[in-house]
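Please read the structure below before turning to the comments.
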Amino acid sequence: MIAHHPSDDLLLRAAAGTLDAGAAIVVGAHLESCSACRTHVRAFESVGGAMLESIEPALMAPEALARTLAMIDTPPVARSAAPTRLPRPELPSGVNWPRSLADCAVSRWHWMGPGMRWSRVTVPHTTDANVFLLRIGAGKALANHTHSGLELTHVMCGSFHDGRALFAAGDFDAADGSVHHQPVLESGGECICLASVEGRLVFDSAIARMIGSLVGI
Amino acid sequence: MPSGDELIELVRAVALASDRGAFAVLFKHFAPRIKAYLVRAGTASELAEELAQETMIAVWRKAALFDPARAQLSTWVFTIARNLRVDALRRRHDAQADGSMDSNANPDAEPLVQAVHDAPQPDEQLAGARREAAVRRALQQLAPEQLQILWLSFYDEQSHARIASELDVPLGTVKSRIRLAVGHLRRLLQGTEP
């Protein structure tokens, strides 16, 4: 049972197509696992449809229709052979990659401490998306930290408690500078989170800062 | 102006018979609206014109995939235009970042929200059209000012700032009015859910 969902604002922006690339990936991963939020996004999309109907039409160039009719005769460019397989590190059995990562390269798991690994997600067509995976062993804790920008998290598997609430598979979290937390893993098993950060992470300890710089955030 | 049912018949004619006359009517109805939406969302007029044409080409090619039981036609067209806009923004960002042409672009790649659309759960599929009708009814109950402010959320931040200066209210006020309108819409929809 998913307990934590993206805000209306994020769902509306997902429907409007105005989320930045990193946020779109994390919110997208949540939507894949949450039919309630998919329903809301569809409702917001029909607001977009109604908007299209009621908008004052713009003027198209006089030759636009003729040009378009000429183009529909041209067959679509054939897909170049088989799509190249983007690198993916291994996942625990039973855990699947969100489809929102389909166009992204995902690095191998990097060690960042006992029972803690991370992986960089490379988002195509963008240079400022800070997207990564954290893979933390059961019972471990992250450094106490706050956020300089908005951090969005989707729990792919496992669960953690950060002093505010329990987050489990499928849950979504948005944390900004007002949140100062220390996620602690539950004992059930390792936890993998997909996260996107707007600003630079601010950790409390020097070691964590070093890890932060290793993670490149 | 063709009615909603007429437009759906036109899409069917495109899907079943590659009817160019039907496509021309659809083009005249939708292309100027798509362009208007894209321009309001901050797209330069020339690119908006190009993307409106690309959207209509996608309508031609995907006409057989349109299912009136799942979504209203204008909503389906909106999602195509939105996805093309997002792609175009990313490609432009790429070109600006390294001055090179985009080498990874896959014109057939389906952006995320569309991908989610293509694989609806059976219950979601059945409820799609009914739910959309509920949204349209709820929108009719919103005050014109609230509807106006809701449209704004489909345009980019820059437009928000422009509207704020036009209305002579702070940017935060525009944003909070959007939140209020969304909340109102949500409450109206909750009343209609089973």
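The values are calculated or read from the model by the stated rules, or taken from the named source; none is laboratory data. Because the structure is a prediction, the values reported are computed rather than measured. Glycine also receives a Cβ, built like all others from the backbone with ideal geometry; neighbour counts cover every protein chain displayed. Areas reflect the complete protein model, heavy atoms only, side chains present, ligands, DNA and RNA absent. Shrake-Rupley method; radii C 1.70, N 1.55, O 1.52, S 1.80 Å.
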In what order, largest first, do A:SER7, A:SER46 sit by accessible area if the probe radius is 1.4 Å? A:SER7, A:SER46
Provide the per-residue ³J(HN,Hα) series for the stretch A:27-36, in order, calculated from phi with Karplus coefficients 6.51, -1.76, 1.60 and θ = phi - 60°, each as a whole number of Hz, with x at glycine and proline positions. 5, x, 4, 5, 4, 4, 9, 10, 6, 4
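Could you estimate the translational diffusion coefficient of the stretch B:1-46 from the Stokes-Einstein equation, with Rh from the Kirkwood formula over C-alpha pairs, at 10 °C and 1.306 mPa s, in whole µm²/s?
On the way: Rh = 11.5 Å.
Once the numbers are plugged in, D ends up at 138 µm²/s.
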Residues of chain A: accessible area per residue with a 1.4 Å probe, Å²: 45 Å²
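Given a 1.4 Å probe and heavy atoms of the protein chains only, how would you sort B:MET1, A:MET60, largest accessible area at the top? Can you show the working numbers first?
Numbers: B:MET1 180, A:MET60 35 Å².
From most accessible down to least: B:MET1, A:MET60.
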5 Å binning of all Cα-Cα separations within the stretch B:1-99, expressed as whole percents from 0 upward: 2, 13, 24, 22, 16, 11, 6, 3, 2, 0
Would you kindly work out the equivalent ellipsoid of chain A from its C-alpha gyration tensor and give its semi-axes, the square roots of five times the eigenvalues, largest first in whole Å? 37, 21, 17
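Any idea of the total accessible area buried by the A-B contact, 1.4 Å probe, rounded to 100 Å²? Don't skip to the end; give the middle numbers.
On the way: alone 12570 and 12500 Å², together 19600 Å².
About 5500 Å² of accessible surface is lost on pairing.
Could you state the per residue volume, in Å³, of the convex hull enclosing the Cα atoms of the stretch A:97-208?
Values: hull volume 11.3 nm³, N = 112.
Each residue corresponds to 101 Å³ of Cα convex hull volume.
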Residue range of chain A that is longest and free of trypsin sites (Lys or Arg not before Pro) which are both DSSP loop and sparsely packed (at most 16 other C-beta within 10 Å): A:1-78
How many angstrom lie between the Cα centre of the stretch A:89-118 and the Cα centre of the stretch B:130-194? 38 Å
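Taking each residue of B:172-181 in turn, how many C-beta atoms of other protein chains fall within 10 Å of its C-beta, and what is the average? Could the numbers behind the result be given before it?
Numbers: counts 0, 0, 0, 1, 0, 0, 3, 4, 0, 2.
Counting other chains' Cβ atoms within 10 Å and averaging over B:172-181 gives 1.
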Mean accessible area per residue over the stretch B:1-42 (1.4 angstrom probe, all protein chains present, square angstrom) is 45 Å²
Which shape class, rounded, prolate or oblate, goes with the stretch A:1-92 when its Cα gyration tensor gives a ≥ b ≥ c as root eigenvalues, a/c under 1.5 marks rounded, and past that a/b bigger than b/c marks prolate? oblate
Counting partner chain Cβ atoms within 10 Å of every residue's Cβ in B:74-82, what's the average? 6
I'd like the accessible area for A:VAL95: 1.4 Å probe, protein heavy atoms, all chains in place, Å² to the nearest 10. 30 Å²
Take the solvent-accessible surface of the protein heavy atoms, probe 1.4 Å, and return the percent of it on the stretch B:26-77 that carbon and sulfur atoms account for. 54 percent
